[in-house]
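**Student:** Right, I'll just put the structure down here and ask away after.
The values are calculated or read from the model by the stated rules, or taken from the named source; none is laboratory data. Computed from a predicted structure; not experimentally measured. As a convention, Cβ positions derive from the backbone with ideal geometry for all residues, glycine included, and neighbour counts pool all protein chains shown.
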Amino acid sequence: MASVALRVNGRNYSVDADDPAMPLLYALRNEIGLKGPKFGCGLGQCGSCTVIVDGQATRSCQLSISDAQGHAITTLEGLGTPEKPHVVQAAFIAEAAAQCGYCSNGMMMTAKALLDRTPSPSEADVREALANNLCRCGSHVRVVRAVMRAAANAKAGG
């Protein structure tokens with residue numbers, strides 16, 4: 001068994017794993033206890049497991065814990081709190097952008113990464129960034145509105 005050091009949401013964790021190729025998603029959910037990233041397809045195609053690694057939206061089902069070691073990992077839980085949600089989380093709430101919740105984690109984490117690199121995206125930019133995140137219930141219109149609202153609110157200092 002190997003011990004892998006991970007830095008998640010600003011905290012250090014030591015994860016014991018039989019296989020250093022274990023997906024980061026499994027360590028986040030089963031070892032650390034974070035439930036934001038979801039298991040969807042397991043193939044990196046749906047986006048429900050998305051986390052931010054060193055500023056980049058990353059599919060945690062496709063990144064091994066050994067490859068994640070030494071990198072800054074942010075999950076949905078690391079963005080804000082129920083009392084003070086991150087601007088993206090607040091916008092998703094305001095726009096009722098989550099319906100079934102399957103895609104919410106991936107949409108918010110991808111939106112956060114987009115807004116960090118493009119603070120004033122166009123609607124086309126948002127749609128392009130979110131294109132590879134699957135939404136089963138069809139709340140794409142509200143998701144795009146939420147990301148645009150988050151950008152406007154962030155720009156206004158909110």
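**Student:** Can you name every residue in segment 70-94 that is surrounded by fewer than 17 Cβ atoms within 10 Å (Cβ to Cβ), under 28 Å from V15 (Cα atoms) and of a type in the set (A, V, I, L, M)?
**Tutor:** A72
**Student:** Further, regarding this structure: Can you spot a residue in segment 128-142 that is buried (at least 19 other Cβ atoms within 10 Å of the Cβ), farther than 24 Å from M22 by Cα and of a type in the set (A, V, I, L, M)?
**Tutor:** yes
**Student:** Going by what's in this entry, would L134 be described as farther than 30 Å from S3 by Cα and either among the hydroxyl-bearing types (S, T, Y) or not in a helix (DSSP H, G or I) (or both)?
**Tutor:** Numbers: farther than 30 Å from S3 by Cα: yes; either among the hydroxyl-bearing types (S, T, Y) or not in a helix (DSSP H, G or I) (or both): yes.
Answer is yes for this residue.
**Student:** In addition: I need the full set of residues from segment 105-121 which are among the β-branched types (V, I, T) and under 20 Å from I93 (Cβ atoms), in order please. Lay out the reasoning, then the answer.
**Tutor:** Taking segment 105-121 and keeping what is among the β-branched types (V, I, T), we get 110, 118.
Listed by number, the list holds a single entry, T110.
**Student:** Which is surrounded by 22 or more Cβ atoms within 10 Å (Cβ to Cβ) and assigned to a loop (DSSP other than H, G, I, E, B), of A27, A97, A111? Before you say what the answer is, go through the steps one by one.
**Tutor:** Values: A27 fails: assigned to a loop (DSSP other than H, G, I, E, B); A111 fails: assigned to a loop (DSSP other than H, G, I, E, B).
Exactly one of A27, A97, A111 is surrounded by 22 or more Cβ atoms within 10 Å (Cβ to Cβ) and assigned to a loop (DSSP other than H, G, I, E, B), namely A97.
**Student:** So, in segment 9-24, of the ones that are part of a loop (DSSP other than H, G, I, E, B) and in contact (Cβ under 8 Å) with a residue 40 or more places away in the chain, which residue ends up nearest to the chain's Cα centre (by Cα)?
**Tutor:** N9
**Student:** Please verify whether K84 is more than 21 Å from Q62 (Cβ to Cβ) and of a type in the set (K, R), treating the condition exactly as stated.
**Tutor:** Numbers: more than 21 Å from Q62 (Cβ to Cβ): yes; of a type in the set (K, R): yes.
Considered against the rule, which asks whether it is more than 21 Å from Q62 (Cβ to Cβ) and of a type in the set (K, R), K84 comes out as yes.
**Student:** Something else: Please state which one of D116, D54, D67 is under 26 Å from Y13 (Cβ atoms), in the same structural domain as A151 (by TED's automatic domain parsing) and surrounded by fewer than 19 Cβ atoms within 10 Å (Cβ to Cβ). First the steps, then the outcome.
**Tutor:** Numbers: D54 fails: in the same structural domain as A151 (by TED's automatic domain parsing); D67 fails: in the same structural domain as A151 (by TED's automatic domain parsing).
After ruling out the rest, the residue left standing is D116.
**Student:** Do we find a residue being more than 25 Å from A152 (Cα to Cα) and modelled with pLDDT of 95 or more anywhere in segment 80-103? Break it down into steps so the answer makes sense when it comes.
**Tutor:** Going residue by residue through segment 80-103, those that are more than 25 Å from A152 (Cα to Cα) are 100, 102.
Restricting the remaining residues to those that are modelled with pLDDT of 95 or more gives none.
Checking segment 80-103: not a single residue is more than 25 Å from A152 (Cα to Cα) and modelled with pLDDT of 95 or more.
**Student:** Give me the pairs, please: first residue somewhere in segment 35-53 and under 14 Å from L63 (Cβ atoms), second residue anywhere and acidic (D, E), beta-carbon distance under 9 Å, and either six or more positions apart or on two chains.
**Tutor:** Note: pairs meeting the criteria are I52/D116.
**Student:** Hey, could you check segment 54-69 for residues that are assigned to a loop (DSSP other than H, G, I, E, B) and in contact (Cβ under 8 Å) with a residue 24 or more places away in the chain and say which is nearest to the chain's Cα centre (by Cα)? I'd like the intermediate steps shown before the answer.
**Tutor:** Taking segment 54-69 and keeping what is assigned to a loop (DSSP other than H, G, I, E, B), we get 54-55, 60-63, 69.
So of that shortlist, the ones also in contact (Cβ under 8 Å) with a residue 24 or more places away in the chain come out as 55, 60-63, 69.
Values: G55: 11, S60: 9, C61: 12, Q62: 14, L63: 14, Q69: 18 Å.
Result: S60.
**Student:** Limited to segment 59-74, what total is found for residues that are in contact with a Leu (Cβ under 9 Å, 6 or more places away or on another chain), under 22 Å from H86 (Cβ atoms) and among the polar types (S, T, N, Q)?
**Tutor:** Looking only at that region, the number is 1.
Yes/no per residue for (1) closer than 20 Å to A129 by Cα; (2) hydroxyl-bearing (S, T, Y):
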site	(1), (2)
M1	no, no
N9	no, no
Y13	no, yes
P23	no, no
L28	no, no
E31	no, no
G44	yes, no
S60	yes, yes
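**Student:** Working carefully through the options A151, A111, find the one that is within 17 Å of the chain's Cα centre (by Cα), over 21 Å from P37 (Cβ atoms) and not acidic (D, E). Break it down into steps so the answer makes sense when it comes.
**Tutor:** Numbers: A111 fails: over 21 Å from P37 (Cβ atoms).
Unique residue meeting the criteria: A151.
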